[in-house]
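Take this structure first; my questions come after.
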Amino acid sequence: MRIIVQKFGGTSVASGERRNLVADKVICAIEQGYSPVVVVSAMGRKGDPYATDSLLSLINGKDCSVDKREADLLMSCGEIISAVVMAEAFAERGYKARVLTGGNAGIITDDNFGNANVVSVEAEKVLKVLEQGLIPIVTGFQGMTEEGDFTTLGRGGSDVTGALLGKALNAEYVEIYTDVDGIMTADPNIVPNAKIIDRIDYREVFELAYQGAKVIHPRAVEYALEDNIPLIVKNTFSDAPGTVITNLVEYKDDLFTGVTSMTNKAMVIVKDENIFKLMAERKISTDIISESQDQKVFIVDSDAAAEVEDILKQLCAEYRIINNCSKVFLIGNKTSGIQEVMSKLIRTLEVNNVNVLQIANSNTAICCLIEEADNKKALNELHKAFFNAS
Ligand code: ADP
Ligand code: MG
């Protein structure tokens, strides 16, 4: 059997017309002699009736009072609805499908509800369905504990389901279908001149995804890398060849991969020594810490800023918090140690009147903290400067 996994994101399954395009892609693979395993996300995006956020809003979203176990049960419904509706689209075309929940598909997790860790995947469950000549449609984003409770794998987790199944079934490749032509040098919704990347190494795309490019979940890239399963990011709505993610031996020759950003950040400037210990106790994560003799500067998610302020008040610390910040990244292989790169980046932001609040770099990325209002301008100007496109 030539097994492939085809994962379809929320926008790909959002309407009857779109689900027909999904069925076309799957049937085309069958006609080419493949045995596809289909993975689906919940239908649509925020605001659509059966999207994950809409279901969550029924119980006040993040502020809900029920346990995370119950919230996971509710969120799991989105993919179940989507999978059954997709099965109907196949049935109308004369193809019989079998819907499998995460548990049915053998995806066993721990009980860290909301962001469960996968313990094992029993490939036999899906294999049995393929052997019966049925199309397995697996609900993405979902697993099950040993006790039989539904769990979810964290937002964007359907990509993880796709990669996990690809690995467990030793698939020839995993296709991630979405609403753009592949992985690009920037988010095309923010930088209209972003360019498609035809081939990319696992490590480069991991860095892009980890630093904010929502097009693929970084954990999916890690799982695929473990067994060298190629990932192909494609558009459900076009015939573009997409982006092939593999192990590229020569990948280190490319200097830059792309620009990304993460909004909703706050910068904290404080003199007190005890702040990190207290933040750790409350599980508030922080990054880009810089310390000088008399002050510490660090970044937290905007959601956590009020809690950090509470701690600072308790400590009677002298502090300043700058809200509405964003992190912009230039991702690439040689972003450290090449002085021209850093100075070009700073100059680009400077001449465009983007105020840089903090700067940090690693081997694979340069990160600048800026005011969120400048996010779009900064991404477009950096893209123009480093990717030679306006
Ligand atoms: P899906 O519902 O199919 O999983 P997502 O919204 O998770 O779709 O991912 C697709 C979106 O990722 C695109 O619409 C695009 O706006 C965004 N995106 C962010 N960064 C990039 C990038 N570097 N390349 C392509 N798309 C990107
Ligand atoms: Mg996604």
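Among the residues of segment 129-177, what is the count of those that are over 24 Å from GLU88 (Cα atoms) and of a type in the set (Val, Ile, Thr)?
Looking only at that region, the number is 4.
If you check ASP181, ASP159, which single one turns out to be in contact with a His (Cβ under 7 Å, 6 or more places away or on another chain), modelled with pLDDT of 95 or more and either within 16 Å of ligand 2 (Cβ to nearest atom) or in a strand (DSSP E or B) (or both)? Walk me through how you get there before you give the answer.
Working: ASP181 fails: in contact with a His (Cβ under 7 Å, 6 or more places away or on another chain).
ASP159 is the lone residue from the list that is in contact with a His (Cβ under 7 Å, 6 or more places away or on another chain), modelled with pLDDT of 95 or more and either within 16 Å of ligand 2 (Cβ to nearest atom) or in a strand (DSSP E or B) (or both).
Select, from GLU79, GLU88, GLU92, the only residue that is within 16 Å of ligand 1 (Cβ to nearest atom) and either in the same structural domain as LYS167 (by TED's automatic domain parsing) or over 15 Å from VAL13 (Cβ atoms) (or both).
That would be GLU79, the only listed residue that is within 16 Å of ligand 1 (Cβ to nearest atom) and either in the same structural domain as LYS167 (by TED's automatic domain parsing) or over 15 Å from VAL13 (Cβ atoms) (or both).
Check LYS68 against each of (1) open to solvent by 20 Å² or more (accessible area, probe 1.4 Å); (2) in contact with a helix residue (DSSP H, G or I) (Cβ under 8 Å, 6 or more places away or on another chain); (3) over 26 Å from PRO230 (Cβ atoms) and name the one condition it does not meet.
Status for LYS68: all satisfied but (2).
Which of the numbered conditions does LEU169 fail, given that it passes all the others? Conditions: (1) among the aliphatic types (A, V, I, L, M); (2) within 21 Å of GLY106 (Cα to Cα); (3) within 16 Å of ligand 2 (Cβ to nearest atom).
Exception for LEU169: condition (3).
Here's something else I'd like to know. Could you pull out every one of the strands (runs of 3 or more DSSP E) wholly within segment 274-356 that has 3 or more residues that are without any contact (Cβ under 8 Å) to a residue 40 or more places away in the chain and closer than 22 Å to GLU381 by Cβ?
Hits in segment 274-356: none.
While we're looking at this one, here's another question. Tell me yes or no: at least one residue of segment 288-302 is of a type outside the set (Val, Ile, Thr), at pLDDT 90 or above and open to solvent by 20 Å² or more (accessible area, probe 1.4 Å). Outline the logic, then answer.
We begin by selecting, within segment 288-302, every residue of a type outside the set (Val, Ile, Thr); these are 290-296, 298, 301-302.
Add one more test, that the residue is at pLDDT 90 or above, and what stays is 298, 301-302.
Okay, now just the ones that are also open to solvent by 20 Å² or more (accessible area, probe 1.4 Å), so 301-302.
Yes: one or more hits.
Sticking with this one: Could you list, in sequence order, the residues of segment 56-76 that are small (Gly, Ala, Ser) and either assigned to a loop (DSSP other than H, G, I, E, B) or not assigned by TED's automatic domain parsing to the domain that holds ARG45 (or both)?
Let us first name the residues in segment 56-76 that are small (Gly, Ala, Ser), namely 57, 61, 65, 71, 76.
The answer is SER65, and nothing else.
Being touching a Gly at 6+ places or on another chain (Cβ under 6 Å), farther than 30 Å from ARG19 by Cβ and part of a loop (DSSP other than H, G, I, E, B), is that true of even one residue in segment 253-272?
yes
Here's something else I'd like to know. Looking at segment 214-249 only, could you name the residues that are part of a helix (DSSP H, G or I) and of a type in the set (Phe, Trp, Tyr)?
If the condition is that a residue be part of a helix (DSSP H, G or I) and of a type in the set (Phe, Trp, Tyr), then TYR223 is the only one that fits.
Mind checking which residues of segment 339-390 are of a type in the set (Val, Ile, Thr) and either under 20 Å from GLU207 (Cα atoms) or in contact with a Cys (Cβ under 9 Å, 6 or more places away or on another chain) (or both)?
VAL341, ILE346, VAL354, VAL356, ILE359, THR364, ILE366, ILE370
A follow-up question, please. Given ILE200, ILE190, ILE216, which one is at negative phi, surrounded by fewer than 18 Cβ atoms within 10 Å (Cβ to Cβ) and either more than 9 Å from ligand 1 (Cβ to nearest atom) or not acidic (Asp, Glu) (or both)?
From the options ILE200, ILE190, ILE216, the qualifying one is ILE190.
Sticking with this one: Could you count how many residues in segment 195-235 are of a type in the set (Lys, Arg) and more than 16 Å from ASP181 (Cα to Cα)?
Number satisfying all stated conditions: 2.
Another question, if that's okay. Taking only segment 256-273 into account, find how many residues are hydrophobic (A, V, I, L, M, F, W, C), away from ligand 2 (no atom under 16 Å from the Cβ) and either within 11 Å of CYS325 (Cβ to Cβ) or free of Cβ contacts under 8 Å to residues at least 12 places away in the same chain (or both).
Residues meeting the conditions: 3.
So which residues in segment 1-36 are among the hydroxyl-bearing types (Ser, Thr, Tyr), in a helix (DSSP H, G or I) and open to solvent by 10 Å² or more (accessible area, probe 1.4 Å), if there are any at all?
THR11
Same structure again: Could you run through segment 71-95 and say how many residues are open to solvent by 50 Å² or more (accessible area, probe 1.4 Å) and within 22 Å of GLU147 (Cβ to Cβ)?
The number of residues fulfilling the criteria is 3.
Does segment 85-98 contain any residue that is within 22 Å of LYS214 (Cβ to Cβ), more than 20 Å from the chain's Cα centre (by Cα) and in a helix (DSSP H, G or I)?
No, the conditions are met nowhere in segment 85-98.
How many residues, within segment 63-77, are more than 18 Å from ASP48 (Cα to Cα) and touching a residue at least 12 places away in the same chain (Cβ under 8 Å)?
So the count comes out to 6.
From VAL39, VAL126, VAL99, grab the single residue that is buried (at least 20 other Cβ atoms within 10 Å of the Cβ) and within 16 Å of ligand 2 (Cβ to nearest atom).
The conditions single out VAL39.
Check off (1) closer than 20 Å to ILE289 by Cβ; (2) open to solvent by 50 Å² or more (accessible area, probe 1.4 Å); (3) over 24 Å from the mean Cα position of the chain (by Cα) for ASN363 and give me the number that stays unchecked.
Going through (1) closer than 20 Å to ILE289 by Cβ; (2) open to solvent by 50 Å² or more (accessible area, probe 1.4 Å); (3) over 24 Å from the mean Cα position of the chain (by Cα) one by one, ASN363 breaks only (3).
The values are calculated or read from the model by the stated rules, or taken from the named source; none is laboratory data. As the structure is a prediction and not an experimental result, all values here were calculated from the model. Note: ideal-geometry Cβ built from the backbone for every residue, glycine included; neighbour counts use all protein chains shown. Side chains included, ligands, DNA and RNA excluded: accessible areas come from the protein's heavy atoms. Shrake-Rupley method; radii C 1.70, N 1.55, O 1.52, S 1.80 Å.
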